[in-house]
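What follows draws every value from the coordinates through simple rules; no lab data is involved. Fair warning: this is a prediction, and the values are worked out from it, not measured in the lab. Neighbour counts run over all protein chains shown; Cβ positions are idealised from the backbone, glycine included.
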Amino acid sequence: MQADEAPGLLPLPRQTVSPFNSGQYIYSSDPGVNLTDPLIGSPGQIKSRRLQKSAKKRLDTIARQNKEEEALLLALVEEEEAKEAARVERIRRSRLEKSLRGVRDLWESGISLGTFLTCILDPETKDDGDFKARRFREIFSDRSAIDQILGFWTTASKTPKQVRDHVDAWMVSHVSRLANREATKITKDGWMRTPTQVTKQGVLAFRLDSLQPRFAAAAPVMYQVVLSFATARRQAKSGSEKLRQRKGMVLTQAISSLLREHSRDNSLVATQNGLYLYAAGAKRQTIAVLSHAGWCCSYPRLVSKSKYPSKKGANKGQAASPNLANTQKDHRPESKESYRRSQHQQDAQTLAASRRYSSTYDNINFTDSIAERTIGRKARS
C-alpha cells in the first residue's frame, strides 16, 4: 500500500470515474456501489449492461403495477358479489315473510297446508285461467328447489322421523313399481327368451357381457339399484377396469336370474349356462343345485326329448314299432320346454343309430337311471 492510500479505499479501473474524488479511488461504503457486479469493460459493454438493468427494472415495475391492478380488480369483483348476494338474500327474506303470512292466513281460514298443496298439484283441479299451466311450470322452473324439498323430507335431521319413514316407504313402493314395469316390458319384448331351436351358431355367438348395456338401457332403474347395492363407496372412487368388468358380469347374471323368476320365458342366460355346464362334464347333482339357485336350467330340460308325435321312418336306426307309436306317442301333449332337440342331439342320435356299442364290466353293480351312481370297473369295450 502506498503512503497516500487511505484504509477502506479500493482502486478503480481506468474507465470508471468516481464522483467522490479525482477518479483514482471510490469509497466501499457508498450505497450506490455494487462490488459484486462492477461495470467493467468497454464502453459498449457497459452501455449494454445498463440497458439490460433498466429493462429489467421496467419489467419489475410493470409486473408490480399489474399485480396491484389485479388485486384491486379482484377486490371490486368480490365487493360486487357481496352486494348481489345481500340483495338476493333480502329478496328471499321478503318472499319468505310473505309466504309465511299467506300460510297463516290459510290456517286462520281453516285450510290446512296439505289441502292447499293437494289443490295446487292435483292435475284434475280445474280453473278458468292459466293456473293449470303455471303451477307445474313455476314449480319445476328451478330443479334445485325440487331436490331441496325432497331432501328436506328424506335426509334433514330436523324433519320428524315419522315423516322421513313415510316418504321412504312411498319412494320404495314407487321404485318397485318402476322395476316391475321394466321387467314386464323386457318379457314382452322377448329378447331374453330362449330360441325355439338351439343351434351351434347361436350357442357360440352368445356373450354374457353383451347383455349389460341392454339391461342398462331397458331397465335403468333396476340396473342402478343393483349397481348401487353391489358397489362400496371405496370402489366407486377408485375402481380398476378389471373390477368394473367383473362387477358388470355379476350384475348381468343377477338381473338375468331375477328376470327368470319374473317369468320362465326369460330363460336365455339360464339355458346357456346349463348348456355350458353340460358340455363341460358337470354332474347332475351340480346342475341341479345351480338350477335351484337360479343360475342355470334344470338337468331334465337339458337331456329330455321333445314329445312330438312320432313319424314312421323318422329314426331309421331304431326298431320299428307301429302299434306302440300309434297308441302312445300320438296322444302325448306337446312340450313347451325351451330346449328342443338341438343339432348336437340330432348328430348324437344319428351316430348312435348307425353302429353298435357295447361295454363289458367284471363287476356288474350299477343303476343305469342315474349316470353318476354307476359302479363298476370297465374291462374292455
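Some values worked out for this structure:
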| read-out | value |
| --- | --- |
| Members of Lys185/Lys247; Lys132/Lys188; Lys200/Lys283; Lys98/Lys132 lying beyond 27 Å, as alpha-carbon distances in this model show | Lys132/Lys188 |
| Low-density loop positions, chymotrypsin sites (Phe, Trp or Tyr not before Pro), region 114-162 - DSSP coil, at most 13 other Cβ in 10 Å | Phe140 |
| Kirkwood hydrodynamic radius (C-alpha pairs) into Stokes-Einstein, region 46-127, 10 °C and 1.306 mPa s, D in µm²/s | 84 µm²/s |
| Label-point separation, Asp122 to Arg244 (7 Å along Cα→Cβ), nm | 4.9 nm |
| Distance between modelled label sites at Leu96 and Arg64, nm, 7 Å Cα→Cβ extension | 4.8 nm |
| Highest to lowest packing among 65-75, 272-282, scored as the average C-beta count within 10 Å | 272-282, 65-75 |
| Pairwise label distance in nanometres, Gln235 with Ala133, each label 7 Å out on the Cα-Cβ vector | 5.0 nm |
| Loop-located trypsin sites (Lys or Arg not before Pro) in region 125-185, at most 13 other Cβ atoms within 10 Å (DSSP) | Lys126, Lys158 |
| Order of Leu178, Leu121 under a 10 Å beta carbon neighbour criterion, fewest first | Leu121, Leu178 |
